[in-house]
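Below: the structure, in structure tokens.
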Amino acid sequence: MDSIVIEGGVPLRGAIQIHGAKNAALLLQCAALLAPGVSTLRHVPRLADVRTMNRLLRHLGCTVEGEETLTLDTTKVADGPLAAPYELVKTMRASVTVMGPLLGRYGRARVSLPGGCAIGARPIDQHLKGLAALGAQIELDHGYVVARCKRLRGASVVFDKVTVGGTQNVMMAAALAEGTTVLENAAREPEVQELAVVLNKMGARIRGAGTAVVEIEGVDTLHPVDHAILPDRIEAGTYAVAAAITGGDVFLRDAPVDHMHAVLAKLEEAGVQLAVEAGGLRVRGPDRLDPVDVSTRPHPGFPTDMQAQFMVLASCAHGRSVITETIFENRYMHVPELLRMGADITVNGPTAVVRGPTRYLGTTVMATDLRASASLVLAGLVAEGRTEILRVYHLDRGYEAVERQLAPLGARITRYHDARA
Ligand code: UD1
């Protein structure tokens, strides 16, 4: 198992390229199932989650080739099992979003329930509610959701809760339904919008994606697509925090600034200097960071996927910051590890009070989930001495070669292929 070792204390300087967005890539991989033939995705990040989705697509009968440019041939899916097994769904919850495309195109799907997840219960009731409203018959069978339909029919769906995956799953199913579907209280994340853009390129008729009301006029067939994936706003945000806390000066090439307003506003509030320049975003860390309160919200609010990273930023600031997590329960698993490195954080239910500035001291820490791992890398970058991060596979789910991104900026960061290096 890989580990990462960081010798902290170096202000990061230079430029890095932001990769394609993980959360868009995963959904576009699913969307390819909606059309017969070969779809091509470009700027695909090299991530463990993308590879897991490829494994699932192969299991379904797709021919998958390439990495950064991915071709997905769905010709043989009709002869496959139309099923997503537990082994794959349990490692990556986004696997449940094959359900909408499979139902829409083939009229049946058997998908394992995701089960408990490290960052909370994460049910899929809203996905199922939406698909049922479109006419799918849904049963639970030995831990699997079995869904069937003749042809889905357009319907009105009001989500009880804003759900990114639920909105995307139902949107994909509705693209091939008969008649018009209206989704209310839809998620407005850029990746929802990106999915709609791609579905429309495939021949779908979707309006309103990126707002809370999405209208989908069903069509009979969709055709394959060739699409370059938008850059990853969470990767960009994470490296912006890295530049800020190390007092560095980093240019984030292709950072999707239009999708990062909430994060950029909080960085500015903390005293970080930002400049939108041609082709990207320049981030300069101040001598002294100010405290900043953050509460996670669905887009365009502050993203939960940046909460752990901002906790490190807050701990480097001079004063008291309050961080509130409203999207997921139990998303503070990075806190005990940050405490071991010297942070002063008190968690009370969804609220964490962070007192800074922390003098981080390097030690051996354990990554527990994707964004928690990112926070440990960030703490390692400012820590005195050597930080060893174990279970880096969590990080590899969402960050392409973090050491190859950070080392050219001056970071002393090394990956070891043996956990006890
Ligand atoms: C997506 C992102 C993930 C991000 C999250 C919230 C992908 C692949 N993943 O995950 O990185 O952290 O959005 O921005 O895009 N919920 C229900 N019932 C449902 C569905 C969700 O109660 O049927 C709850 C969840 O438990 C959670 C909240 O709604 O508390 C938001 O979840 P959701 O937006 O669905 O997250 P994901 O799509 O899984």
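The values are calculated or read from the model by the stated rules, or taken from the named source; none is laboratory data. Keep in mind it's a predicted model, so treat the numbers as computed, not measured. Note that we place each Cβ from the backbone using ideal geometry, even for glycine, and neighbour counts take in every protein chain shown. Side chains included, ligands, DNA and RNA excluded: accessible areas come from the protein's heavy atoms. Shrake-Rupley method; radii C 1.70, N 1.55, O 1.52, S 1.80 Å.
Note that region 22-228 presents 39 Å² accessible area per residue, ligands and nucleic acids not counted, probe 1.4 Å.
Between 258, 226, 293, the residue with the greatest mean-square fluctuation in the GNM of the chain (Cα pairs under 10 Å linked by springs) is 258. Among 248, 80, 362, the residue with the largest mean-square fluctuation in a Gaussian network model of the chain, with springs joining Cα atoms closer than 10 Å, is 80. For residue 398, what is the net charge nearby, where nearby means another residue's Cβ is under 14 Å from its Cβ and Lys, Arg count +1, Asp, Glu -1? Here the count lands on 0.
The peptide list 168-175, 132-139, put in order of mean Cβ contacts within 10 Å with the highest first, becomes 168-175, 132-139. A cut-off under 9 angstrom between Cβ atoms defines the neighbours of residue 145, and their net charge, with Lys, Arg +1 and Asp, Glu -1, is -1. Out of all Cα-Cα pairs in region 22-228, roughly what percent, to the nearest whole number, are more than 22 Å apart? Cα-Cα pairs in region 22-228 separated by more than 22 Å: 40 percent.
The listed residues 91, 324, 167 rank as 91, 324, 167 when sorted by accessible area, largest first, using a 1.4 Å probe.
Calculated on the Cα set of the chain, radius of gyration then Dmax: 21.4, 63 Å. The P(r) of region 21-127 has a tail past 24 Å containing 17 percent of all C-alpha pairs. With a 1.4 Å probe and every protein chain kept in, tell me what percent of the accessible surface of region 192-309 is carbon plus sulfur. Here carbon and sulfur together make up 47 percent of the probe-accessible area. Taking K and R as +1 and D and E as -1, what net charge do the other residues with C-beta under 15 Å from the C-beta of residue 61 add up to? Surrounding charge for residue 61 is +3. Of the peptides 32-41, 275-284, the order by per-residue mean of other Cβ atoms within 10 Å, starting with the highest, comes out as 32-41, 275-284.
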